[in-house]
1. Keeping to the range 42-54, report how many residues are more than 13 Å from the chain's Cα centre (by Cα), outside any loop (DSSP other than H, G, I, E, B) and of a type in the set (Val, Ile, Thr).
2. Taking MET1 as meeting all but one of (1) touching a residue at least 40 places away in the same chain (Cβ under 8 Å); (2) surrounded by 16 or more Cβ atoms within 10 Å (Cβ to Cβ); (3) in contact with an Asp or Glu (Cβ under 8 Å, 6 or more places away or on another chain); (4) not polar (S, T, N, Q), write down the number of the exception.
3. Kindly list the number of the only condition in (1) outside any loop (DSSP other than H, G, I, E, B); (2) buried (at least 18 other Cβ atoms within 10 Å of the Cβ); (3) of a type outside the set (A, V, I, L, M, F, W, C) that fails for GLU25.
4. Select, from ARG107, ARG143, the only residue that is at pLDDT 95 or above and at positive phi.
5. Give, as residue ranges, the strands (runs of 3 or more DSSP E) completely inside the range 55-111 that count at least 1 residues that are more than 20 Å from GLU4 (Cβ to Cβ) and among the polar types (S, T, N, Q).
6. Taking the stated definitions as given, is ARG18 modelled with pLDDT of 95 or more and touching a Leu at 6+ places or on another chain (Cβ under 9 Å)?
7. Does the range 139-152 hold any residues that are exposed (fewer than 15 other Cβ atoms within 10 Å of the Cβ), in contact (Cβ under 8 Å) with a residue 40 or more places away in the chain and in a loop (DSSP other than H, G, I, E, B), and which are they?
8. For the range 97-113, how many residues meet the condition of being closer than 20 Å to LEU64 by Cα, open to solvent by 40 Å² or more (accessible area, probe 1.4 Å) and among the β-branched types (Val, Ile, Thr)?
Amino acid sequence: MKFEETSLQHVWLIKPDRFKDERGEFLETFRVELFKDHGLEFEFVQDNISVSKKGTVRGLHYQLPPASQGKLVMVPKGKILDVAVDMRQNSQTFKQHYATILSSENRHMMFIPTGFAHGFSVLSDEATVYYKCNDYYNKKLERGVKWDDPDLNIDWKVEAPILSEKDKNLPLLSEMDEHDLF
């Protein structure tokens with residue numbers, strides 16, 4: 001498993017070793033000791049699966065402490081643009097984002113730590129997104145920022161995004177209270 005640092009400190013692109021033969025393919029997607037070797041020490045407590053059709057944009061979501069979530073995201077089927085946004089007010093990369101393609105073809109994963117908003121857009125006809133979280137979902141501490149916030153300038157690579165009502169009504173960063181940030 002290869003861990004690559006991204007432009008955002010503590011966000012990792014992870015490339016599993018893949019073993020292919022005439023039967024198919026095998027890969028490890030998580031191994032505690034390898035994550036610890038990269039300073040990623042936590043316990044996953046919740047797994048989620050999202051299935052979405054082409055053009056869907058989900059996000060940008062995060063949770064505040066004490067229930068902030070780190071996530072390990074992978075795509076068993078399809079192709080997405082996965083995005084992490086630094087929501088840490090005192091960070092040198094506050095408001096910056098990192099985006100990468102995760103797909104069933106490349107088998108890459110992204111680790112998004114606490115303090116970051118997460119979202120993705122679906123680039124294939126359909127995509128299944130699987131992610132592990134190191135804390136439980138907490139509706140009271142859930143927050144989000146509008147997907148098309150001009151301050152973030154994210155190219156989602158979709159022409160006519162399909163959004164939930166909740167995501168359509170998320171605030172811009174400029175409208176957010178500092179208590180809704182890290």
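1. 1
2. (1)
3. Only one criterion is unmet by GLU25, namely (2).
4. Values: ARG143 fails: at positive phi.
The match here is ARG107.
5. Values: elements: 57-63, 71-77, 79-86, 97-103.
Counting at least 1 such residues, we get 57-63.
6. On the way: modelled with pLDDT of 95 or more: no; touching a Leu at 6+ places or on another chain (Cβ under 9 Å): yes.
Against the criterion (modelled with pLDDT of 95 or more and touching a Leu at 6+ places or on another chain (Cβ under 9 Å)), ARG18 does not qualify.
7. Listed by number, the list holds a single entry, ASP151.
8. Residues meeting the conditions: 0.
The values are calculated or read from the model by the stated rules, or taken from the named source; none is laboratory data. All of these numbers come straight from a predicted model, not from anything done at the bench. Neighbour counts are summed over all protein chains in view; Cβ atoms, including those assigned to glycine, are modelled from backbone coordinates with ideal geometry. For the accessible areas, the whole protein counts, side chains as well, though only heavy atoms, and no ligand, DNA or RNA atoms are used. Shrake-Rupley method; radii C 1.70, N 1.55, O 1.52, S 1.80 Å.
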